[in-house]
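Enquirer: Take this structure first; my questions come after.
The values are calculated or read from the model by the stated rules, or taken from the named source; none is laboratory data. Keep in mind it's a predicted model, so treat the numbers as computed, not measured. FYI the Cβ positions are ideal-geometry reconstructions off the backbone, even for glycines, and counts take in every protein chain you see. Only protein heavy atoms, including side chains, enter the accessible area calculation; ligands, DNA and RNA are left aside. Shrake-Rupley method; radii C 1.70, N 1.55, O 1.52, S 1.80 Å.
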Amino acid sequence: MNRNRLLRRAVTAVAVAGLVLPAAACSSSSSDSGAEAGKSGKPSAAAADDAAAPLDPNAKVTISIDCQPPVTKTAERKEWAEDIAAFTKLYPNVTIDSKDAFPCEEPARFTAQLQGKTQTDVFYSYFTDLDQVLDAGQAEDISAYVNDTTVPALKDIDPSVMDTLKADGKLYGLPTTNYKMGLLYSRKLFKKAGLDPDKPPTTWEEIRADAKKIAALGGGVNGYGEYSATNQGGWHYTAELYGLGGTMVNEDGSKAAFNTPEGKQVLQNLYDMRWTDKSMSAAQGLKWPDLMTQMAAGKLGMYVGAPDDITYMVQTLKGDYEDYGMGPMPGGKAALLGGADYMFKKGSTPDQIKAGIAWVNFKFLTMGKGQFDYARTKADGLPVGLPQPFFFGGATLEADNQAKAASATVPVANYAPYLAVQVPGKTEPANAQQIYKVLDNPVSAVLTDKNANIDKLLSDAETQVNQVLANLQ
């Protein structure tokens, strides 16, 4: 399970407690060659050609990298060590100084490292961190270094994923994992309700119809569930709005843009299921992991979520992989996209950047290696077959699906509806948590107040978000 993503969600409603962890080591180079090159505009043709070339195996270089799995994750830690050993056989003159930190990114610590310039040479971040890192001036532009030679699968990486790591046409990182929101559902309850578990609903009209049939089973079973507290109501509102083709803020992020017919439809869907259809629970104010707990207990038919929720339901809540399925984001216009990546510390030397790219490519972006060595993953007792990471297309996706199926420990056919539809990814808005906190209110209101005025709720939320954004300017 992508525990880091869930930890990130969990801190949205409370002050982040500082973890007593050692600061990451400073870069082994104080050179600011990247910054110097930028002063004179574009680099020379010779410099550009050199940057585009892969790392020379004879180059002697040391790089520090964070997010080494902790000792408590025995299998993951073992695999990291194995991959370091395999990588250094290819590049015997590269020394990787691994830094163990869990979670890989703790917000307060991450901010302090950026301010103190103490992050590792190759440092872990979330897709939503790019603006913060650039504001701190702490990432190298790696555009000239990334191409089909240094990252052979580059052409098959979803452009919406790569766009999360770009600013002003420049590339600042490489993805390692990601998720796209979709519809999680109980195959067991679908069967009991006479629904086809291989054909989940793809529109809100279909969801309403199926939710009513599931709720009719009785015994405390609900057809559909929703979060509405600790910023997660706003998070899910955003995901559902994206599915309908809406957006949370305008293009420059200065104004709210959700008070639209699509924004109203999100709240109306929830209101109708709660009060007209009565296919949702009377108990509201739900937050992570309440929906997973309900589904694992056989009491919830559907909710919007990410693939790693399934792992949590199995590994922590003692559910069964056979009981869960996943379909595309309802509406299908876009799916909220999140994930993690590695960026490269400002001031890194060209060889450090090349070595970092070579490692990230080996560990996270090469079929049959690193995280895509599914035979090893299976042998180590870790799950194989979940649709995550989900950033490849083309021949790489085909190869990935075949490799997963060959070593699957989970029923990959259960996620076929999710994989079959290539819903475009759309990242969270800037200043997402402040916005989500405001949107919790209208989501909660339509689920707890039968007399809720949706137009007024959206208008009030729009005013509040505009004030939040104005204060951040």
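Enquirer: Do the conditions hold for residue 401, that is, is it at pLDDT 95 or above, over 17 Å from the mean Cα position of the chain (by Cα) and either open to solvent by 10 Å² or more (accessible area, probe 1.4 Å) or closer than 30 Å to residue 297 by Cβ (or both)?
Expert: Criteria not met by residue 401.
Enquirer: Looking at residue 317 and the list (1) surrounded by fewer than 18 Cβ atoms within 10 Å (Cβ to Cβ); (2) in contact with a helix residue (DSSP H, G or I) (Cβ under 8 Å, 6 or more places away or on another chain); (3) closer than 24 Å to residue 441 by Cβ, which single condition is not satisfied?
Expert: The one condition residue 317 does not meet is (3).
Enquirer: Let me ask you something else. Return only the number of the condition from (1) without any contact (Cβ under 8 Å) to a residue 24 or more places away in the chain; (2) not in a helix (DSSP H, G or I) that residue 333 does not satisfy.
Expert: Status for residue 333: all satisfied but (1).
Enquirer: Scanning the stretch 406-421 for residues that are within 20 Å of residue 309 (Cα to Cα) and among the hydrophobic types (A, V, I, L, M, F, W, C), which turns out least open to solvent (accessible area, probe 1.4 Å)?
Expert: 410
Enquirer: Of all residues in the stretch 208-263 being in a helix (DSSP H, G or I) and without any contact (Cβ under 8 Å) to a residue 60 or more places away in the chain, which is surrounded by the most Cβ atoms within 10 Å (Cβ to Cβ)?
Expert: 241
Per-residue answers, yes or no, for (1) surrounded by fewer than 22 Cβ atoms within 10 Å (Cβ to Cβ); (2) modelled with pLDDT under 95; (3) under 30 Å from residue 132 (Cβ atoms):
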residue	(1), (2), (3)
307	no, yes, yes
312	yes, yes, yes
324	no, no, no
327	no, no, no
339	no, yes, yes
347	yes, no, yes
353	no, no, yes
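Enquirer: For residue 151, indicate whether it is assigned to a loop (DSSP other than H, G, I, E, B), of a type outside the set (Gly, Ala, Ser) and in contact (Cβ under 8 Å) with a residue 12 or more places away in the chain.
Expert: Judged against the criteria, residue 151 is a match.
Enquirer: Looking at (1) of a type outside the set (Lys, Arg); (2) buried (at least 18 other Cβ atoms within 10 Å of the Cβ); (3) at pLDDT 95 or above, find the lone condition where residue 160 falls short.
Expert: Unmet condition: (3).
Enquirer: Same structure, new question: If you scan the stretch 364-398, which residues turn out to be open to solvent by 40 Å² or more (accessible area, probe 1.4 Å), in a helix (DSSP H, G or I) and touching a residue at least 24 places away in the same chain (Cβ under 8 Å)?
Expert: 371, 375, 378, 394, 395
Enquirer: If you don't mind, there's one more thing I want to ask. Can you list the strands (runs of 3 or more DSSP E) lying wholly within the stretch 58-144 that have 3 or more residues being within 15 Å of residue 176 (Cβ to Cβ) and open to solvent by 10 Å² or more (accessible area, probe 1.4 Å)?
Expert: Qualifying strands (runs of 3 or more DSSP E): 61-68.
Enquirer: Now a separate question. What's the total number of residues in the stretch 428-468 that are in contact with a Gly (Cβ under 7 Å, 6 or more places away or on another chain) and part of a helix (DSSP H, G or I)?
Expert: The qualifying residues number 9.
Enquirer: Here are some residues: 400, 440, 455, 449. Which one is charged (D, E, K, R) and under 26 Å from residue 78 (Cα atoms)?
Expert: Every option except 400 fails the conditions.
Enquirer: In addition: Those residues that are assigned to a helix (DSSP H, G or I), surrounded by fewer than 23 Cβ atoms within 10 Å (Cβ to Cβ) and of a type in the set (A, V, I, L, M, F, W, C), I need them from the stretch 266-291; list them, please.
Expert: Once the filter is applied, which keeps residues that are assigned to a helix (DSSP H, G or I), surrounded by fewer than 23 Cβ atoms within 10 Å (Cβ to Cβ) and of a type in the set (A, V, I, L, M, F, W, C), the stretch 266-291 yields only 275.
Enquirer: Answer yes or no: is there a residue in the stretch 178-192 that is open to solvent by 10 Å² or more (accessible area, probe 1.4 Å), over 30 Å from residue 342 (Cβ atoms), touching a residue at least 40 places away in the same chain (Cβ under 8 Å) and outside any helix (DSSP H, G or I).
Expert: no
Enquirer: Would you be able to tell me the number of residues in the stretch 67-94 that are farther than 21 Å from residue 125 by Cβ and in contact with an Asp or Glu (Cβ under 6 Å, 6 or more places away or on another chain)?
Expert: Residues in the stretch 67-94 being farther than 21 Å from residue 125 by Cβ and in contact with an Asp or Glu (Cβ under 6 Å, 6 or more places away or on another chain): 1 in total.
Enquirer: Something else: Run down 412, 438, 446, 421 and say which single residue is at pLDDT below 95, over 20 Å from residue 160 (Cα atoms) and not hydroxyl-bearing (Ser, Thr, Tyr).
Expert: Answer to the check: 412.
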